[in-house]
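Here is the structure we will look at.
The values are calculated or read from the model by the stated rules, or taken from the named source; none is laboratory data. Please read these numbers as outputs of a predicted model, since none were measured by experiment. Heads up, the Cβs are rebuilt from the backbone with ideal geometry, glycines too, and the neighbour counts pull from every protein chain shown. Ligands, DNA and RNA are stripped out before the accessible areas are found, and what is left, the full protein with its side chains, is counted by its heavy atoms. Shrake-Rupley method; radii C 1.70, N 1.55, O 1.52, S 1.80 Å.
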Amino acid sequence: MIGSALPLLFLDVDGPLIPFGATREQLPGGYPTYETGRGPQGADVNPLITRIDPAHGPRLLALPCDLVWATTWMSDANDCVGPWLGLPELPVVAWPEPSGEDEWHGLHWKTRPLLGWAAGRPFVWVDDEISEADRAWVAAHHSGPALLYRIDPGRGLTEEDFAAIGAWLRLHI
């Protein structure tokens with residue numbers, strides 16, 4: 001990724017890839033589950049991994065960007081989620097110890113570290129916890145283009161989300 005001209009895509013796991021929080025009224029049959037045949041067996045590691053649509057892997061790889069895990073899963077994303085999706089090992093954002101300062105200002109605790117990681121490069125941040133405070137802070141402190149793309153955690157990534165993210169990325173390559 002060093003020297004890459006492609007935008008970055010910072011990807012969270014819980015919410016965007018593993019949907020959660022829908023009510024029985026919203027999903028009477030519960031969340032769909034999938035099998036991939038690729039190891040490690042996701043259900044052995046975390047039973048919620050089977051909620052991740054394996055078709056997301058090829059869709060993510062087709063996006064014109066450098067993928068980066070931006071999740072509390074840390075390296076477990078490469079060990080568990082990546083193989084499930086057929087992804088190569090991806091860089092992982094290392095999170096600093098929380099200071100509490102960002103919460104005081106209404107920022108998500110990931111916002112500042114992601115801007116530091118991006119270092120002025122165009123980026124998309126895909127997460128279910130992005131707020132207007134994060135968008136305003138990024139607009140004021142990031143020198144390159146950025147798309148903070150909030151996912152509905154009850155649905156996870158959808159076709160419409162992939163289309164919107166892909167269109168933005170193609171404008172910034």
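What the table shows:
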{"item": "G39 being more than 12 Å from the chain's Cα centre (by Cα), farther than 13 Å from L157 by Cα and modelled with pLDDT of 90 or more", "result": "no"}
{"item": "Search result, residues across segment 108-121 that are in a loop (DSSP other than H, G, I, E, B) and open to solvent by 10 Å² or more (accessible area, probe 1.4 Å)", "result": "H108, W109, A119, G120, R121"}
{"item": "Pairs with Cβ under 9 Å, 6+ apart, first in segment 11-36 and hydrophobic (A, V, I, L, M, F, W, C), second open to solvent by 60 Å² or more (accessible area, probe 1.4 Å) and in a loop (DSSP other than H, G, I, E, B)", "result": "V13/T72; A22/R155"}
{"item": "Qualifying position, being open to solvent by less than 80 Å² (accessible area, probe 1.4 Å), hydrophobic (A, V, I, L, M, F, W, C), at pLDDT 95 or above and in contact with a helix residue (DSSP H, G or I) (Cβ under 6 Å, 6 or more places away or on another chain), among V124, V138", "result": "V124"}
{"item": "Residue within segment 25-34 that is touching a His at 6+ places or on another chain (Cβ under 7 Å) and either at pLDDT below 95 or under 19 Å from L148 (Cα atoms) (or both) present", "result": "no"}
{"item": "Contacts under 8 angstrom Cβ, first residue in segment 146-158 being over 17 Å from L27 (Cα atoms), partner of a type in the set (G, A, S), 6 or more apart", "result": "A146/A118; A146/A139; Y149/A164; I151/G15"}
{"item": "Residues located in segment 117-145, provided they are charged (D, E, K, R) and either touching a residue at least 60 places away in the same chain (Cβ under 8 Å) or within 17 Å of F10 (Cβ to Cβ) (or both)", "result": "R121, D127, D128, E129, D134, R135"}
{"item": "Residue satisfying all of: in segment 146-160; among the acidic types (D, E) and not in a loop (DSSP other than H, G, I, E, B); least open to solvent (accessible area, probe 1.4 Å) among these", "result": "E159"}
{"item": "Helices (runs of 4 or more DSSP H) lying entirely in segment 12-96 (those with 2 or more residues that are closer than 16 Å to V126 by Cα and open to solvent by less than 60 Å² (accessible area, probe 1.4 Å))", "result": "56-62"}
{"item": "Check on A163, part of a helix (DSSP H, G or I) and over 16 Å from R59 (Cα atoms)", "result": "no"}
